Structures are given as C-alpha cells and as structure tokens.
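Report on the following structure.
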Amino acid sequence: MKKVQNQFNLSFANANAAIILLLVALLFTSSSLLVAADDTNANANANDGAGQAQGYDSSDRTVYDFEADFGGIAYNYSTAALQHNTQTLSDILRYNASYNSLFFADKIFHFHPGVYGTEITDFELVINGTLRFHRPNETYVNHYNRPEPCILIEDSTDLLVTSPDPADTAVDFDDDFIDTDYASAKRGIIDGAGYQYWGVPFIGYLELVEFRPDLFVLNRTENVMIEYMIFRDAGLYTLNLVDSEHLEIQYSSVVARRTNDDGHSLLDLSAFNTDGIDVSGNDVYIHDVDIWNQDDCIAVKDSPYFGVSSNMLFERITASGLGLTIGSIGGTTVSNITFRDSLLYKTYKGIYMKFRHDHYRDTPGLVENILFENITIFEPQQWGIWIGPAQQSIK
C-alpha cells in the first residue's frame, strides 16, 4: 500500500467557522488512509514510550476478598444488597485501599452508582467476575453537580485494574470483536446496565438527555494501568479519564449496543453519548483494545487541570462507532497525538476532529502534531473523515 504524507497544524479561534479543509491526501486503496502531522518522525518517536505505566508487584500488598473479608453480597440485587455493596466498596476505597489489593471472585455483585474513592496510593483492583450497576429510584448528584458515576476515583496514584489470570485470555484483538456476553470466565466485567437509562429508543433520551451516570471515571490520577477488562453498557460515557498522567490501557474491551447488528442502525444509535474512552492529560498509551459503541470510540479531550493534553499513542485499536476523535477542543492545546495500525469496521464515522468556542476561557485553542497512520476504514456508514465543528453544532 502506498502511503502519502501531508504536513499540517490546526489552530482556531471560533468553532463556528467554516469546516477546515486541511486533509490534502486521501488514499482509498483497501479503504485505508494516512494523515501525517508536522514533524512526523519526531511525533512518532516521542509517542513510542507514552503511557507505559510502571510494573506492579502484589507481593507487598495485603489481598482482601470483597465477599469473604468485607461481607460483600453476591447474586442479590435487592435494594438492601445494592445499598450494602455500594457503601461497602466506597468505604474500602476511602479507608482500606492504599497499599492493598481487593479481589472479586467469579460471581456477580450488584451496586448502585456512587462508588467513590480519593487519595488512594498503590492499590490493585482484581475483578474475576462482574460488577453490575443498577439505576436507583432517585439519582444523586456529586460535587461536580453531575449524576454520580458508577465508580469515581480521584487524586490517586499507582492504580491497577485487572483480571486475575491474564495468561488465560486468548483473544485476537486485531481482527475480531469480542462476544462480551460470554467472557466472564476470561476477563472481569464492569457493567453499567445502560439499557435502564437509554429507555425506549429516542424517547428515553428525551427523558434524561445526558443526566446519566458515567461508568468508570478517574480524575487527576497518576501511573494507572487498566488491563484485561470488559466495560459494558454505560449509561453515558464508559471510561472518562480526566487529567491522567502516565496511563496505560491494554487488552480490554468497551461495548455499548442495543443489538448485535453488524453495523449501527438507528436503534443502536439511540444509545446516545455512550463514548468509549475519553481521555485528557499527558503520557498516555492505549493499545490492543476493541470498542463498539454509539458515540466517540476514543476521544482526546481538553485537559481542565494541565491545560494541555499531549504525548498520547493509540495503536492496534479495533473500533466501530463515531470514530477516533480529537475533541471537541476549545481554548486549550492538544499536541503530539498518534493513532496508528488500527481498524474501523463499519463505523459510523472514521477520523473525527471537532472544535468548539470555549465560553469560559474565550481564548483560541490549538491542535498540533496529530498523526493518523495506517488506519483502515471499512465501509463507514457516514463520514470517513470529518474535520471542523462538532457536527451537531452546525446550524
């Protein structure tokens, strides 16, 4: 396959401007394309080591069993059990997590959203079974005035989220999507039961709009590894990783879908705003991941704390949804981002770069040194490439 390179930078002051036509070279051989950014070689080399979190060693930790040591309740989704498990896990994260390991056996444990931990150091969360979250009768908001996420951890460092025996996870992440209904024996599952929030197609959105819980949220964390996990059916965003420093995700799956159709029907797309991996911060490495959802598959976002999202490498991604995305970006900087060696299969959008006016900062933003390399887009349902304002913002 011939590869064509073109140099470009993006800068903008108003997201309502006309679509920026910067993509000069498109190659349709095997439905593949390459978009190269300014200083391509330096960009790729700088990203080669991005986000490679330090190794973890459980030998110095005390390992606790959620059920045996803390009285967690399996297979019971009565109101009392939901409240008990939610409060118990929150208490563990707040008071017993640092320098310890928490193990969930191969069973189903039921929770409400609202599990919260902060200021955790050196913690290992090992999930062999399923953590399933249920919509409560009353939705509570957190200190960000948003519905409480299913799990929120912030201001923490040295975290590992994993399944207990990764060597048994024999999955080809390059070519096949995973049948996540039958994967519990292989990888741990965090399940948001999104259908309880999506409701009747289209009508359900009118009820809640975006007042739905994210599945797994990290705020201001450092040195995090997530591996061998399945994140399924978020009410809203799946992995919302805000201001991450030194983050790695590998051999994991994200899925949010109403049907098993080989594409994105209007029925599936009515699970609005189910982003796959939203990430901001610095030094991020996400690889060997498969995603099937109904909004941005991976989205590099503004960094509210650092002001810059930079040095991120995404490779060997298999995805279908609204694509590999930068944005939407307002009055901040996104720099040195690489997507490479990935497949977008029957995706709704492919490469998606979107901008907005930042009403808070009221300053121009900058997107620079962005590389899409060896990206195969197979039978996109809408736009293979979209660069400009977020499409829903166009009037």
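The values are calculated or read from the model by the stated rules, or taken from the named source; none is laboratory data. Since we're looking at a predicted model, the values are computed, not measured. Here Cβ is always computed from backbone atoms with ideal geometry, including for glycine, and neighbour counts include all displayed protein chains.
Looking at the structure I just gave you, is L239 farther than 24 Å from G114 by Cα, aliphatic (A, V, I, L, M) and out of contact with any helix residue (DSSP H, G or I) (no Cβ under 7 Å at 6 or more places or on another chain)?
Values: farther than 24 Å from G114 by Cα: no; aliphatic (A, V, I, L, M): yes; out of contact with any helix residue (DSSP H, G or I) (no Cβ under 7 Å at 6 or more places or on another chain): yes.
For L239, the condition - farther than 24 Å from G114 by Cα, aliphatic (A, V, I, L, M) and out of contact with any helix residue (DSSP H, G or I) (no Cβ under 7 Å at 6 or more places or on another chain) - is not met.
Could you figure out which of (1) in a loop (DSSP other than H, G, I, E, B); (2) under 15 Å from I277 (Cα atoms) isn't true of G331?
The failed condition is (2).
Can you report the number of residues in the range 357-377 which are at pLDDT below 95 and either closer than 15 Å to S320 by Cα or under 21 Å from the mean Cα position of the chain (by Cα) (or both)?
1
Can you find a residue that is at pLDDT below 95, touching a helix residue (DSSP H, G or I) at 6+ places or on another chain (Cβ under 7 Å) and either polar (S, T, N, Q) or closer than 29 Å to Y140 by Cβ (or both) anywhere in the range 271-287?
Yes: one or more hits.
Give me the pairs, please: first residue somewhere in the range 344-368 and without any contact (Cβ under 8 Å) to a residue 40 or more places away in the chain and surrounded by fewer than 24 Cβ atoms within 10 Å (Cβ to Cβ), second residue anywhere and of a type in the set (D, E) and in a loop (DSSP other than H, G, I, E, B), beta-carbon distance under 6 Å, and either six or more positions apart or on two chains.
none
Consider the range 209-223. How many of its residues are surrounded by fewer than 18 Cβ atoms within 10 Å (Cβ to Cβ) and hydrophobic (A, V, I, L, M, F, W, C)?
Number satisfying all stated conditions: 2.
Take T62 and tell me if it is more than 26 Å from Y228 (Cβ to Cβ), at pLDDT below 95 and either in contact with an Asp or Glu (Cβ under 9 Å, 6 or more places away or on another chain) or among the polar types (S, T, N, Q) (or both).
So T62 fails the test.
Specify the residue that is farthest from T221 (Cα to Cα); the eligible residues are those in the range 302-317 that are modelled with pLDDT of 95 or more and crowded, with 21+ Cβ neighbours inside 10 Å.
Selected residue: I317.
I want to confirm something. Restricting to the range 335-362 and keeping residues that are outside any loop (DSSP other than H, G, I, E, B) and touching a Gly at 6+ places or on another chain (Cβ under 8 Å), which single residue is nearest to E373 (Cα to Cα)?
The initial filter retains those residues of the range 335-362 that are outside any loop (DSSP other than H, G, I, E, B), namely 335-345, 351-355.
Pick out the ones that are also touching a Gly at 6+ places or on another chain (Cβ under 8 Å) and you get 344, 351-355.
On the way: L344: 13, I351: 11, Y352: 14, M353: 15, K354: 19, F355: 22 Å.
Among those that are outside any loop (DSSP other than H, G, I, E, B) and touching a Gly at 6+ places or on another chain (Cβ under 8 Å), it is I351.
For (1) surrounded by fewer than 20 Cβ atoms within 10 Å (Cβ to Cβ); (2) more than 22 Å from F211 (Cα to Cα); (3) free of Cβ contacts under 8 Å to residues at least 24 places away in the same chain, each residue gets a yes or a no:
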{"residue": "Y77", "(1), (2), (3)": "yes, yes, no"}
{"residue": "Q83", "(1), (2), (3)": "yes, no, no"}
{"residue": "A97", "(1), (2), (3)": "no, yes, no"}
{"residue": "I108", "(1), (2), (3)": "yes, yes, no"}
{"residue": "H134", "(1), (2), (3)": "yes, no, no"}
{"residue": "N142", "(1), (2), (3)": "yes, no, no"}
{"residue": "N145", "(1), (2), (3)": "yes, no, yes"}
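Which of the residues that make up the range 124-139 are in a strand (DSSP E or B) and either aliphatic (A, V, I, L, M) or modelled with pLDDT under 95 (or both)?
First, pick out the residues of the range 124-139 that are in a strand (DSSP E or B): 124-127, 130-133.
Within the range 124-139, L125, V126, I127, L131 qualify.
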